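Single-structure report; data block below.
The values are calculated or read from the model by the stated rules, or taken from the named source; none is laboratory data. Everything numeric here is computed off the predicted structure, so don't read it as measured data. All Cβ positions, glycine included, derive from the backbone under ideal geometry; neighbour counts span all protein chains shown. Areas reflect the complete protein model, heavy atoms only, side chains present, ligands, DNA and RNA absent. Shrake-Rupley method; radii C 1.70, N 1.55, O 1.52, S 1.80 Å.
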Amino acid sequence: MALALRVDRGSPVPLYFQLSQQLEAAIERGALTPGSLLGNEIELAARLGLSRPTVRQAIQSLVDKGLLVRRRGVGTQVVHSQVKRPLELSSLYDDLEAAGQRPATKVLVNTMVPASTEVAAALGLPEGSDVHRVERLRLAHGEPMAYLVNHLPPGLLDLDTGRLEATGLYRMMRAAGITLHSARQSIGARGATPAEAERLTEAEGAPLLTMRRATYDDTGRAVEYGDHVYRPARYSFEFQLLVRS
């Protein structure tokens, strides 16, 4: 690992935290790519003049964040950097692909259901009318990142399960001639339900990021309503704020 790592012993910042921040920055900028081996803790400690427990604590903090994984017989390996999603009208699939995260999808449900009050209001349909419900598990580098539930008006496009697993929903819409124009979106956080915890390999009640979005085409028609949950160790949202004078 040819990284320029150094610690400042005169700084009030703990040594393990200095090291973990430098390693995390190297992962974020791509200097440590997914699959890279971090190296031996003893050698790293000797190189930096740190104790082995200090190095172990730095590495464990990144393991806890989901950036590193300890593999028996292999060593400590970079899993992937956290995906930072800009708040714009883009799909998770496109964001993962742009971040070099090798997205994959498992379709869990693909069926017609009666619209709930919430879904009907979001899509501008009568309550109880048929809507298409799609539940997907989105993965990157084989690790689950998000559980996605989407409802769409009937007859909007062919929601073939094979295509849903091969590409993103927004790509399918654009390929069908649907022009995505705007969206209403809310972001929050809550504890994982038992079902979500199992799908995302998290503990029940673990904190998850949430996003709800109603998307509209260029005619003002609601074309999709999404209710998604994300693992915060793997994912974050980025805001750009403008100051009005």
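Among (1) open to solvent by 10 Å² or more (accessible area, probe 1.4 Å); (2) among the aromatic types (Phe, Trp, Tyr); (3) under 30 Å from residue 78 (Cα atoms), which single condition is residue 230 missing?
Of the numbered conditions (1) open to solvent by 10 Å² or more (accessible area, probe 1.4 Å); (2) among the aromatic types (Phe, Trp, Tyr); (3) under 30 Å from residue 78 (Cα atoms), the odd one out for residue 230 is (1).
Considering only residues of region 189-231 that are touching a residue at least 40 places away in the same chain (Cβ under 8 Å) and part of a loop (DSSP other than H, G, I, E, B), which is farthest from residue 116 (Cα to Cα)?
Looking at residues that are touching a residue at least 40 places away in the same chain (Cβ under 8 Å) and part of a loop (DSSP other than H, G, I, E, B), I get 201.
Could you pull out the residue among 79, 74 that is β-branched (Val, Ile, Thr) and surrounded by 15 or more Cβ atoms within 10 Å (Cβ to Cβ)? Full working, then the answer.
On the way: 74 fails: surrounded by 15 or more Cβ atoms within 10 Å (Cβ to Cβ).
Answer to the check: 79.
Filter region 19-55 down to residues that are surrounded by fewer than 14 Cβ atoms within 10 Å (Cβ to Cβ) and among the β-branched types (Val, Ile, Thr), then give me how many there are.
2
For every residue, the table says whether it meets (1) modelled with pLDDT of 75 or more; (2) closer than 25 Å to residue 9 by Cα; (3) not in a helix (DSSP H, G or I).
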position: 39; (1), (2), (3): no, yes, yes
position: 47; (1), (2), (3): yes, yes, no
position: 55; (1), (2), (3): yes, yes, no
position: 95; (1), (2), (3): no, no, no
position: 101; (1), (2), (3): no, no, yes
position: 126; (1), (2), (3): yes, no, yes
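If I go through region 119-162 residue by residue, how many of them are surrounded by fewer than 17 Cβ atoms within 10 Å (Cβ to Cβ) and either among the small types (Gly, Ala, Ser) or free of Cβ contacts under 8 Å to residues at least 40 places away in the same chain (or both)?
Looking only at that region, the number is 13.
Looking at region 143-169, which of the residues that are of a type in the set (Val, Ile, Thr) and not in a loop (DSSP other than H, G, I, E, B) is farthest from residue 221 (Cα to Cα)?
Top of the filtered list is 161.
Please enumerate the residues belonging to region 9-18 that are open to solvent by 70 Å² or more (accessible area, probe 1.4 Å) and modelled with pLDDT of 85 or more.
Residue satisfying the conditions is 17 alone.
Restricting the search to region 66-86, which residues are modelled with pLDDT under 60 and in a strand (DSSP E or B)?
83, 84, 85, 86
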